[in-house]
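What follows draws every value from the coordinates through simple rules; no lab data is involved. These numbers were taken from a predicted model, which means no experiment stands behind them. Note that we place each Cβ from the backbone using ideal geometry, even for glycine, and neighbour counts take in every protein chain shown.
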Amino acid sequence: MKCCQCSNLAIFEVGPQKMPMCLSCNALLQQTIERNVQMAREEMNFIQDSVDSMFGISRGARYPTKRPVVVSGGTINNNHISINNSQIGVLNNGSIQSLNQTIDTLYSGSQKELAENIKNFSQTILQEKSLNDDNKKQVLESLDVVTRELFQKPENRKKSVVKTLIGQISGIVEFSANALAIWQVLHPMLQKFF
């Protein structure tokens, strides 16, 4: 039996009509369905953020957002922060994905300047030759924890933990001119939340 979308051999029957589909057409259909679900989740998050900003409260739970990792020419691009082959061993990919989600949320929440500075600082840390891999990892993981605290209610933020992590970041980047220049802009922006 042939696929209803192309001339390949069908191996699936899809929907109540039992439409015949080949592997590649079925995979494309599943990707489309998943993307539509993700877009609906993002819209719900945006609406919740809009309502929260109007009333000045956070109602808590949000739909988790999934960001695809695009691999092309030896570079992984997680939407905002690009990672080269030489940098892959440096970091915890979960921290980079979390930072990317934070950046997305800040962009959608009208905090574009803060989002841009977090993005630029993270990218600069990854590219900084004067920092060793352990220092890069420590800075990015610390920044991830600090930025996640931004989304807590002010009374629930772990201020002493954040201040300690901000101090560690400052201590590490003071030896890197490029990172220090961006940190001197980002640091006060973060401090005002804590």
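Annotations for the structure displayed:
- Label point distance in nm, Asp52-His187, each placed 7 Å from Cα along Cα→Cβ: 2.9
- Fewest-first sequence of Thr164, Thr124 by Cβ atoms within 10 Å of each Cβ: Thr164, Thr124
- Likely footprinting exposure, Lys163, Lys137, fewest C-beta neighbours within 10 Å first: Lys163, Lys137
- q = 0.11, 0.17, 0.25 Å⁻¹: log10 I(q)/I(0) that the Debye formula gives for the stretch 1-66, counting C-alpha atoms only: -0.45, -0.66, -0.98
- Taking all Cα pairs closer than 8 Å and separated by 6 or more residues, the relative contact order of the stretch 86-191 comes to 32 percent.
- Along each principal axis, Cα extent of the stretch 86-191, largest first, Å: 37, 25, 22
- Taking the number of Cβ atoms within 10 Å of each Cβ as an exposure proxy, the fewest-first ranking of Lys192, Lys112 is Lys192, Lys112.
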